Structure formats: C-alpha cells, structure tokens
Amino acid sequence: MKKFAAFIPLLLIIGCNTKEKPVPEYPDFEIGVIADCQYCYCEPSEIRFYKKASGKLQEAVNELNTHTLDYTIHLGDFIDRDFNSFDTLIPIWAGLKSDRYHVLGNHDFKVADSLKPMVFDKMDLKERYYSIVKNKWRFIVLDGNDLSVHGALTETKKQQTDSLFNLLSERELPNLKHWNGGLGTEQLQWVENELKQATEKNERVGFYCHFPALGETNDHNLWNYEHLLAIIDKYDCVKFYFNGHNHYGSYVQKDGVHYLNFKGMLDTRDSTSFARVTFHNDSLLVKGYGREPDRGLRIR
C-alpha cells in the first residue's frame with residue numbers, strides 16, 4: 001500500500017507535465033448527392049424512365065438551390081447511352097449554385113468509341129480520379145471504370161482490364177459482370193497515399209464511387225473490391241463510402257464505416273431520388289427526397 005501511495009504523486013506530476021493531444025472539432029456543412037440520373041431521349045423500359053430524368057434533375061437542382069451547400073456531387077451514370085444527352089443535362093447541372101463534382105459511371109462511357117475521350121471535357125473532369133479537401137475532410141473520388149470494358153481507353157488499360165478479368169474469372173465471382181469495373185494498381189496506390197495524408201493531417205475521409213465496395217448484395221461491386229476494402233480497413237480516418245450503380249440502393253456498416261448506395265434517380269415514373277447530407281462532428285444526417293430514405297449515421 002505504501003508503494004502505491006508513493007506512486008500517486010509521480011502520476012500527478014507526469015499528468016501535469018504531459019500535453020494531451022486535443023480532439024479535433026469538425027465543422028458543420030451540407031452537400032447534395034444525386035445518383036444515376038442516366039438521361040436519354042429514349043422510350044422507357046419497365047423500370048427505367050429515361051426521358052423523365054432531365055426533368056427530375058431540374059427538380060433536384062431547384063430544391064438544392066434553396067439550401068446553402070458546400071457542393072453537390074453526382075455519383076455516376078449522368079447519361080445512359082447517347083453522347084448528345086450531355087447537351088440536355090449540362091445546362092441544368094450548371095444551374096446549381098453550389099460547387100459541382102462528377103463521378104464517372106459505366107454508362108457515361110456507353111457512347112461511340114471515337115467520342116469517349118470527349119466525355120471528360122463534357123463532365124468538366126480534369127482527372128479521372130481525384131480528391132476534394134475541405135472542412136477538415138478529404139473526399140476521395142474513385143474511378144471504377146479505370147479497368148473496365150467500356151472505360152479503359154488506352155491499350156495498356158485494356159490489357160490490364162483483360163488480365164484482372166481473367167484472373168478473377170477463376171473464382172466465378174457474382175460481380176464479375178461487363179457492366180462493372182475495377183481499380184488499377186496506380187489508383188490503389190494513390191488511394192493509400194491519400195489515406196496516409198489524411199491520417200497525418202487529422203482529416204476525416206469519405207469515398208465517392210459509382211460502384212459499391214460493399215452492399216447487401218455484391219453483384220454490383222467493383223471487380224477488385226476486396227483489395228480496396230483491405231486498404232480501407234487499415235485506416236480509422238475513413239467514415240463513409242457513397243456510391244450509386246445499384247438503383248435499388250443498399251446500406252451496410254462495417255467497422256464504423258458507412259457504405260451507402262444511393263437509389264437511382266430515373267427508376268420511377270412519378271417520383272425522384274436524391275439527397276442532402278449534413279455533416280456534424282458526431283454524425284451524418286441524410287435528408288432523402290422521393291424514394292431515398294432519411295438516415296442518421298453516427299461517426300465514431
């Protein structure tokens with residue numbers, strides 16, 4: 001007991017002379033999120049109403065403009081198949097008062113091969129994948145078409161696509177579909193570097209991609225989603241992963257990371273789907289419109 005009592009002052013001395021690392025405070029802000037507008041001046045299918053998508057995008061822009069947003073992001077498949085569909089949507093998209101960002105979707109490349117290099121200018125993309133750093137957050141925008149049937153544009157990328165597809169074919173994976181895609185080695189290395197920077201700077205991280213990395217089903221997932229998840233799992237700074245592609249939507253939480261698949265905008269005749277996401281120090285609040293539900297996501 002005497003030894004224990006003698007130890008107490010030493011602890012107090014150490015405690016008084018040790019500066020505790022402050023817990024960062026993260027500011028409140030709000031963004032807009034839209035997935036799979038996928039417009040085309042085409043006749044509807046049983047589940048997709050292509051012509052109505054431009055009107056739905058206009059309705060979303062009108063609503064989002066009534067709020068003070070840091071930015072709005074579209075999670076891929078801005079168009080469905082015709083290159084000239086961009087000319088219908090771009091003036092509507094430009095009407096947003098907030099900053100605007102795009103994620104590349106598989107349908108964005110479902111145009112004539114000769115027109116594919118022009119997709120980036122139409123979508124105002126200087127890089128196929130990139131990060132947005134603001135408000136003590138690092139938002140990592142992935143290109144899931146990096147290795148893909150539609151989006152691999154160079155011979156090197158086409159060879160890497162074939163190599164990855166053939167390698168994974170041995171496992172008979174349900175997500176190994178031609179309308180999915182994967183991340184190349186360079187992009188995966190870039191992701192790890194971004195996460196290291198975020199950790200060093202006490203930034204929180206959110207991912208945006210067209211394709212899921214984790215969902216209630218995995219048939220829409222990135223081809224090499226397991227590789228990406230192995231990287232994400234190493235970093236506590238990652239708080240969410242938002243995507244589109246699976247128009248039915250999905251939500252899974254794994255190790256404190258929220259994997260939220262937003263529903264497709266074009267899939268209903270008379271309703272829509274988009275959202276506002278408010279960032280708080282301890283949570284993300286999703287305000288859904290149309291068939292996108294409201295959610296409260298706790299940040300740990």
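The values are calculated or read from the model by the stated rules, or taken from the named source; none is laboratory data. These figures come from a predicted structure and were not determined experimentally. Glycine also receives a Cβ, built like all others from the backbone with ideal geometry; neighbour counts cover every protein chain displayed. Ligands, DNA and RNA are stripped out before the accessible areas are found, and what is left, the full protein with its side chains, is counted by its heavy atoms. Shrake-Rupley method; radii C 1.70, N 1.55, O 1.52, S 1.80 Å.
Here are the numbers for the structure shown:
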read-out	value
Residue check for residue 241: in contact (Cβ under 8 Å) with a residue 12 or more places away in the chain, closer than 21 Å to residue 37 by Cβ, open to solvent by 20 Å² or more (accessible area, probe 1.4 Å) and not in a loop (DSSP other than H, G, I, E, B)	no
Residue that is open to solvent by 20 Å² or more (accessible area, probe 1.4 Å), charged (D, E, K, R) and more than 16 Å from residue 82 (Cα to Cα), where the choices are 59, 43	59
Test: residue 50 is surrounded by 16 or more Cβ atoms within 10 Å (Cβ to Cβ) and touching a Leu at 6+ places or on another chain (Cβ under 8 Å)	yes
Selected residue (only one of 298, 291, 269, 276 is over 29 Å from residue 167 (Cα atoms) and at pLDDT below 95)	269
Pair list, Cβ < 7 Å and 6+ apart or interchain, from the stretch 216-227 residues that are free of Cβ contacts under 8 Å to residues at least 60 places away in the same chain to residues that are exposed (fewer than 14 other Cβ atoms within 10 Å of the Cβ)	218/174; 219/174
Only listed residue being touching a Phe, Trp or Tyr at 6+ places or on another chain (Cβ under 8 Å), open to solvent by less than 80 Å² (accessible area, probe 1.4 Å), hydrophobic (A, V, I, L, M, F, W, C) and touching a residue at least 60 places away in the same chain (Cβ under 8 Å), chosen from 103, 119, 111	103
Subset of the stretch 170-195 (residues that are at pLDDT 95 or above, out of contact with any Phe, Trp or Tyr (no Cβ under 8 Å at 6 or more places or on another chain) and of a type outside the set (A, V, I, L, M))	174, 177, 178, 179, 184, 185, 186, 189, 192, 193, 194
Qualifying residue in the stretch 84-98 (condition: on the phi > 0 side of the Ramachandran plot and not in a helix (DSSP H, G or I))	no
Counted residues, the stretch 128-146 - those being polar (S, T, N, Q) and either crowded, with 22+ Cβ neighbours inside 10 Å or not in a loop (DSSP other than H, G, I, E, B) (or both)	2
Positions within the stretch 155-167 being open to solvent by 70 Å² or more (accessible area, probe 1.4 Å) and either part of a loop (DSSP other than H, G, I, E, B) or touching a residue at least 12 places away in the same chain (Cβ under 8 Å) (or both), in sequence order	160
Matching residues in the stretch 64-79 - criterion: being in contact with a strand residue (DSSP E or B) (Cβ under 9 Å, 6 or more places away or on another chain) and open to solvent by 60 Å² or more (accessible area, probe 1.4 Å)	68
Test: residue in the stretch 285-300 that is open to solvent by less than 20 Å² (accessible area, probe 1.4 Å), touching an Asp or Glu at 6+ places or on another chain (Cβ under 9 Å), in contact (Cβ under 8 Å) with a residue 40 or more places away in the chain and in a loop (DSSP other than H, G, I, E, B)	yes
Of all residues making up the stretch 211-228, the number that are open to solvent by 10 Å² or more (accessible area, probe 1.4 Å) and either touching a Ser or Thr at 6+ places or on another chain (Cβ under 9 Å) or in a helix (DSSP H, G or I) (or both)	8
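Okay, residues lined up against (1) more than 16 Å from the chain's Cα centre (by Cα); (2) more than 24 Å from residue 24 (Cα to Cα):
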| position | (1), (2) |
| --- | --- |
| 198 | yes, no |
| 201 | yes, no |
| 205 | no, no |
| 209 | no, yes |
| 216 | yes, yes |
| 222 | no, yes |
| 227 | yes, yes |
| 234 | yes, no |
| 241 | no, no |
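A quick yes/no check of all residues on (1) among the hydroxyl-bearing types (Ser, Thr, Tyr); (2) surrounded by fewer than 15 Cβ atoms within 10 Å (Cβ to Cβ):
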{"residue": "148", "(1), (2)": "yes, no"}
{"residue": "169", "(1), (2)": "yes, yes"}
{"residue": "183", "(1), (2)": "no, no"}
{"residue": "188", "(1), (2)": "no, no"}
{"residue": "209", "(1), (2)": "no, no"}
{"residue": "230", "(1), (2)": "no, yes"}
{"residue": "237", "(1), (2)": "no, no"}
{"residue": "254", "(1), (2)": "no, yes"}
